[in-house]
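K.L.:
Below is one structure. I have some questions about it.
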Amino acid sequence: MDALGVILGSSFALWIAHCFSEGVGAHLRLERALRSSEVKLIAIEELNVIAFAVVPVGLLICAGFGLLDVHTALKIGAWSGVGILAVSGWALGKAGRLSTRGRLLSAVLCAALGTAVVIIEVAVSH
């Protein structure tokens, strides 16, 4: 299942990039080298990037067992990512103490970004 490898590999690479970015940001804010405990904390906090791959990977495993068509699994996986981004947008709005309207706007903007990514994926793959 090539798609499974692509999803897992991409998720891992994205996690590494997020960890690096957060580490550089923390280093600049603190104006010192990070302690190993701080690096470990960043790595743990950024695991949500890998968690986003759970639904698509689960769907592809189902496809591998013949429970779903691979094409259908990929479609559902892509659109589930849009839903996950919408929920994340709402949660970020809540964490930022936005009003209900602000949280909704945050969720819609995150979902719109996800939708743009799905549209680009479809355009590139066809």
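Every number in this text was worked out from the coordinates using simple rules, so none of it is lab data. Since this is a predicted model, take the numbers as computed values, not measurements. Cβ sites come from the backbone with ideal geometry, for glycine too, and all protein chains shown count toward neighbours.
K.L.:
Give me the one-decimal nm value for the distance between modelled label points at residue 12 and residue 40, 7 Å along each residue's Cα-to-Cβ direction.
P.N.:
2.2 nm
K.L.:
Extending each Cα 7 Å along its Cβ direction at residue 117 and residue 47, get the distance between those two points in nm, one decimal.
P.N.:
Here the modelled spin labels are 2.1 nm apart.
K.L.:
Okay, moving on. Where does the charge balance sit around residue 45 when Lys and Arg score +1, Asp and Glu -1, over other residues with C-beta under 13 Å from its C-beta?
P.N.:
-2
K.L.:
Nearest 10 degrees, 0 to 90: what angle lies between the long axis of helix 54-64 and the longest principal axis of the chain (Cα atoms)?
P.N.:
Roughly 30 degrees, rounded to the nearest 10.
K.L.:
Only Cα pairs within less than 10 Å get springs; with that Gaussian network setup on the chain, which residue of 47, 105, 34 has the largest fluctuation?
P.N.:
Fluctuation is largest for 34.
K.L.:
Moving to a separate point now. Could you list 106, 36 so that the one with the fewest beta carbons within 10 Å of its beta carbon is first and the one with the most is last?
P.N.:
Ordered from fewest to most neighbouring Cβ atoms within 10 Å, 106, 36 come out as 36, 106.
K.L.:
State the dimensionless ratio Rg/Rh of the range 1-51 (Rg: radius of gyration of Cα atoms; Rh: Kirkwood radius).
P.N.:
Across the range 1-51, the Cα-based Rg/Rh ratio is 1.11.
K.L.:
In degrees from 0 to 90, rounded to the nearest 10, what is the angle of the helix 70-95 Cα long axis to the longest principal axis of the chain?
P.N.:
30 degrees
K.L.:
Still on this model: By how many degrees, 0 to 90 and rounded to 10, does the Cα axis of helix 100-125 deviate from the longest principal axis of the chain?
P.N.:
Around 50 degrees separate the two axes.
K.L.:
I've got another one for you. Mean shadow of the chain, computed from the convex hull of its alpha carbons, in nm²?
P.N.:
Seen from a random direction, the Cα hull of the chain projects 9.6 nm² on average.
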